[in-house]
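The values are calculated or read from the model by the stated rules, or taken from the named source; none is laboratory data. Bear in mind that the values here come from a model prediction, so they are computed numbers and not experimental data. A quick note on method: Cβ atoms are made from the backbone with ideal geometry, for glycine too, and the neighbour counts reach across all protein chains shown.
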C-alpha cells in the first residue's frame, strides 16, 4: 500500500461486513479465559460453523476480556432482533451445542447463562474498555470500525500539538499508575523541553500482585494504547516510543507486536503518520521479572538493558530520561483514555467522576467475592457498591473484613469505611491508595498480620538493594512480622517494627521502599487488636524459649 | 570454561546450532547493547537456562564486560542459571492466590518432592517455582503445570495433577519436553 489507509473507507467496509452476519458469537480470549480453555472453544465453534453454515451468515469473533473472569470461559451470542445471551463456564459439550443449536440453528442452548443485567455489568461505565468483548484485538479493521484512529487523524490534520495538550489538561485526566499526577501537566513538561530527541514510554510493567488491568487493556484493545501513544507523541514532540511490558504477559506482547506491524503498514505509525510530517515509532520492550521496574527511573534503566535500579529524582525523566534525553513515562491505562478524550472532548470526560478525580478507573476485583474480574467504574463510586453489588458479596455467608487496594504500596480499608467514595484523595486519607487498580477483598478468615507479612515478603524479595533503608529494612520488618505471626513476638518486637516502618518510609530512595511499610501501617491502624492477640506477654516469656519459627519463604529464590 | 555441547554438523562454528539462533537474534537487534535483556530472553528460550558459556558468549558478541552481563542476568527473577527439571509447577503467589491458599500448595509440593521454591529434585524430574501474580486472579489459586495454566486448584488436586504428568512419561518411557514451557514464558 502506498499511501495511508482511508479510515472512513475501512470503517465502512468493516461495518458492512459485520452487518451482513445473521449471528455473531463473541469468545473471550484473554489470559483468564484462555487458561480455562477458551482457545479450544473458539476453535470448536469456528469449525462447526465453517462446516455447517454454507451461507456465511455466522461469524465467530475472538475478543478481549468480558470482565467476569471467575465464570469463564465466556461466550456471547448476538443476533438481530434478539437479546444477547452470555454463556458461562463453557466446556466442549456446551460449545458444541451452542455452535449447532444457537449459531447454525436459532434456539438458545439450555446451559449456564449469566444475566447481562447483573450489577457487575450495569454499574460499569466503559471508556477504556469500551471495545472489550466487542472487537477482535488482532484486527485493525475492527478497531477502526469502532471509531479507532479517528482522534489521531483529527489531531494530526486539524490540531496543533499545543491544542492537544490543552484538551488533555482541561479534561482533568490524572495518571492511572497510582500517584495521580495530572497528565496535562506532564505532557506540558515534555512539550516544553528542548532536545533533538524526546522519548515516550508506556509503562505496562504491572507488577502489583492481584492486578491485571493493564494486561487486559493491552490484550483487549492494543490499538487504543498505540493511538493514545501516538497522540501523546504528537502533542509532546516525542518521536520514539517504547512500550515496556512484563515478560509474564506473553499474550499482551504478541498482540501489541502484531498491532504495531498493522498500524505501520497502514501508515498510522512510522515515518509519516497519516501522510503528515509527524514521525512516530513504537517498539515493545520486555521486562524480566522485577517489580521495581515499574518505578520510572528503574524502568528506564531496564529499557537501556541495565539492572533495573532507580535513581534519585530530580532530575525528572521529562528533563533527563532515556539516554539523557527528555522522556515521559505514562501508564498504559492513562494513555488508553486519551483517544476518547480527544474524540468526545475534555468536557465530556470532565463530567465523569468527581471534581478532583475525573473519568473512570479500571479495577481488578479479586479475592473473596461471588463475582471476580475486571470492572471499569466512574471515580467516586462507593466501595460498598463495588463489593456488595458488583462483586455480589462474599460467598459462604462469611463477613467482609477488608478491601486491599494499591497492592504492596497500599493499605486495607475496613468495613466501617465501605461507603467511602473511591477516588485518589479519599483512599489516601484512609491510609490506602488508588494504586494501579488491584482491589482484593478479604473475609473474616483472613489474618491481617499475615497479609502484612505477605506484602512485606514481597517487598523484601523485590527490593533492588541499591539503598540501605529498603534493602536491610524490608528484611528486618519481615523478620519482626514473622515473629509476630508465628506467635513468638513480644511487645518490643511490635515497637521496633513500628519505629522501623517510620524510618524506612522516610529514608528510602524510591517508591518501593517508601511505601513498603504502608500495609503494616494500615493493618495496624485498623486491626491493631489482631497483632496484640498474637503477642506473647512479657511475663510469660521465658527468654530461652525454643519455639522455632517454622517459616518457609516461597519466592525467595533468584 | 565448561565444555561446549557438540551436536555434530551445524553451521555455527561452535558446532551447536542453538548458538545460531542466538546469532540471528543478535543480528536482528543490530548487536545493540541496550537490547541485552532481549538477548538473554532469547538465550534462555533456546538453551532452557543461562549457562556461564552462554553469558560469556553474549558478553563477547555485544562487547559488554562479563560483569555487566552477569549483573543484569542475576538482577531479574525470570533468568535461571540451572537446567530445569523434566516437569515443573509454578505456583502463583499473588495476593488473590495467597488469600485462597497458594501457600499451602507450595508447601505441599515442597514436602512431597523435598525441594524448596526455585529448586529441582536431584533426579532432575521436577522443578518447583513460584511466580508473583500471573494476572489470572479470577481463577485463583493458579498453578502452571508444565506450561499449562490450571485454575481453582487445591492441594490434593495439584499433587494429583503433577503426579499424573510424571507418571505419564514414565509409561511412555521418555521424558516430556520441558523446553515447551520455557518457550511459553520466553519468546524467541
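In contact with a helix residue (DSSP H, G or I) (Cβ under 9 Å, 6 or more places away or on another chain), under 22 Å from residue A:209 (Cα atoms), in contact (Cβ under 8 Å) with a residue 60 or more places away in the chain and surrounded by fewer than 22 Cβ atoms within 10 Å (Cβ to Cβ): which single residue out of A:450, A:443 fits that description? Lay out the reasoning, then the answer.
Values: A:450 fails: in contact (Cβ under 8 Å) with a residue 60 or more places away in the chain.
The match here is A:443.
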> Among all residue pairs at least 6 apart or on different chains, which show Cβ distances below 9 Å where the first residue, located in the stretch A:213-236, is surrounded by fewer than 24 Cβ atoms within 10 Å (Cβ to Cβ) and the second is in a helix (DSSP H, G or I) and modelled with pLDDT of 95 or more?
Replying inline: A:234/A:152; A:234/A:155; A:234/A:156; A:234/A:161; A:234/A:164; A:234/A:273
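Considering B:106, B:162, which residue is within 11 Å of chain A (Cβ to nearest Cβ) and modelled with pLDDT of 90 or more?
Numbers: B:162 fails: within 11 Å of chain A (Cβ to nearest Cβ).
So the residue among B:106, B:162 that is within 11 Å of chain A (Cβ to nearest Cβ) and modelled with pLDDT of 90 or more is B:106.
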>> Could you check the stretch A:102-129 and list, in sequence order, the residues that are more than 27 Å from residue A:48 (Cα to Cα), in contact with a helix residue (DSSP H, G or I) (Cβ under 6 Å, 6 or more places away or on another chain) and surrounded by fewer than 20 Cβ atoms within 10 Å (Cβ to Cβ)?
In response: A:119, A:123
> What residue, among those in the stretch A:256-271 that are surrounded by fewer than 23 Cβ atoms within 10 Å (Cβ to Cβ) and touching a residue at least 40 places away in the same chain (Cβ under 8 Å), is nearest to the other protein chains (Cβ to nearest Cβ)?
Replying inline: A:258
> Quick one: which of A:179, A:132, A:169 is under 29 Å from residue A:422 (Cα atoms) and surrounded by 22 or more Cβ atoms within 10 Å (Cβ to Cβ)?
Replying inline: A:132
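Let me confirm something: among B:82, B:38, B:61, B:52, which residue is over 21 Å from residue B:12 (Cβ atoms) and outside the structural domain of residue B:150 (by TED's automatic domain parsing)? Quick ask: steps written out before the conclusion?
Values: B:38 fails: over 21 Å from residue B:12 (Cβ atoms); B:61 fails: over 21 Å from residue B:12 (Cβ atoms); B:52 fails: over 21 Å from residue B:12 (Cβ atoms).
Result: B:82 is the single residue among B:82, B:38, B:61, B:52 that is over 21 Å from residue B:12 (Cβ atoms) and outside the structural domain of residue B:150 (by TED's automatic domain parsing).
State whether one or more residues within the stretch B:74-83 are part of a helix (DSSP H, G or I) and more than 9 Å from every other protein chain (Cβ to nearest Cβ). If you could, list the steps in order and put the result at the bottom.
The initial filter retains those residues of the stretch B:74-83 that are part of a helix (DSSP H, G or I), namely B:74-75.
With more than 9 Å from every other protein chain (Cβ to nearest Cβ) added as a condition, the list becomes none.
Looking through the stretch B:74-83, none of the residues is part of a helix (DSSP H, G or I) and more than 9 Å from every other protein chain (Cβ to nearest Cβ).
Considering only residues that are surrounded by fewer than 23 Cβ atoms within 10 Å (Cβ to Cβ) and touching a helix residue (DSSP H, G or I) at 6+ places or on another chain (Cβ under 7 Å), look in the stretch A:187-201 and name the one that is farthest from residue A:280 (Cα to Cα). Spell out how you get there, then give the answer.
As a first pass, look at the stretch A:187-201 and keep what is surrounded by fewer than 23 Cβ atoms within 10 Å (Cβ to Cβ): A:188-189, A:191-197.
Narrowing further to those that are touching a helix residue (DSSP H, G or I) at 6+ places or on another chain (Cβ under 7 Å): A:188, A:191.
Details: A:188: 18, A:191: 15 Å.
Checked the stretch A:187-201; the qualifying residue farthest from residue A:280 (Cα to Cα) is A:188.
Tell me the helices (runs of 4 or more DSSP H) entirely within the stretch A:1-104 that contain at least 2 residues that are within 14 Å of another protein chain (Cβ to nearest Cβ) and either modelled with pLDDT under 90 or farther than 29 Å from residue A:249 by Cβ (or both).
Filter on the stretch A:1-104 gives A:31-35.
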> Can you tell me which residues in the stretch A:464-474 are in contact with a helix residue (DSSP H, G or I) (Cβ under 6 Å, 6 or more places away or on another chain) and surrounded by fewer than 24 Cβ atoms within 10 Å (Cβ to Cβ)?
Replying inline: A:464, A:465, A:469
> For residues in the stretch B:110-131 being touching a helix residue (DSSP H, G or I) at 6+ places or on another chain (Cβ under 7 Å) and surrounded by 17 or more Cβ atoms within 10 Å (Cβ to Cβ), which is farthest from the other protein chains (Cβ to nearest Cβ)?
Replying inline: B:126
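Taking the condition more than 23 Å from the chain's Cα centre (by Cα), part of a loop (DSSP other than H, G, I, E, B) and free of Cβ contacts under 8 Å to residues at least 60 places away in the same chain, does residue A:109 pass?
Working: more than 23 Å from the chain's Cα centre (by Cα): yes; part of a loop (DSSP other than H, G, I, E, B): yes; free of Cβ contacts under 8 Å to residues at least 60 places away in the same chain: yes.
Judged against the criteria, residue A:109 is a match.
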>> Restricting to the stretch A:287-304, name every residue that is modelled with pLDDT under 95 and touching a helix residue (DSSP H, G or I) at 6+ places or on another chain (Cβ under 6 Å).
In response: A:287, A:288, A:291, A:292, A:293, A:295
>> Being touching a residue at least 60 places away in the same chain (Cβ under 8 Å), out of contact with any strand residue (DSSP E or B) (no Cβ under 6 Å at 6 or more places or on another chain) and surrounded by fewer than 23 Cβ atoms within 10 Å (Cβ to Cβ) is true for just one of A:510, A:501. Which residue is that?
In response: A:510
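Out of all the residues in the stretch B:42-57, is one or more facing another protein chain (nearest Cβ under 8 Å) and assigned to a helix (DSSP H, G or I)? So that I can check it myself, show each step before the final result.
Going residue by residue through the stretch B:42-57, those that are facing another protein chain (nearest Cβ under 8 Å) are none.
Looking for residues that are facing another protein chain (nearest Cβ under 8 Å) and assigned to a helix (DSSP H, G or I), one finds none in the stretch B:42-57, hence no.
Surrounded by fewer than 21 Cβ atoms within 10 Å (Cβ to Cβ), closer than 29 Å to residue A:202 by Cα and in contact with a strand residue (DSSP E or B) (Cβ under 9 Å, 6 or more places away or on another chain): which single residue out of A:380, A:411, A:396 fits that description? Lay out the reasoning, then the answer.
On the way: A:411 fails: surrounded by fewer than 21 Cβ atoms within 10 Å (Cβ to Cβ); A:396 fails: closer than 29 Å to residue A:202 by Cα.
Answer to the selection: A:380.
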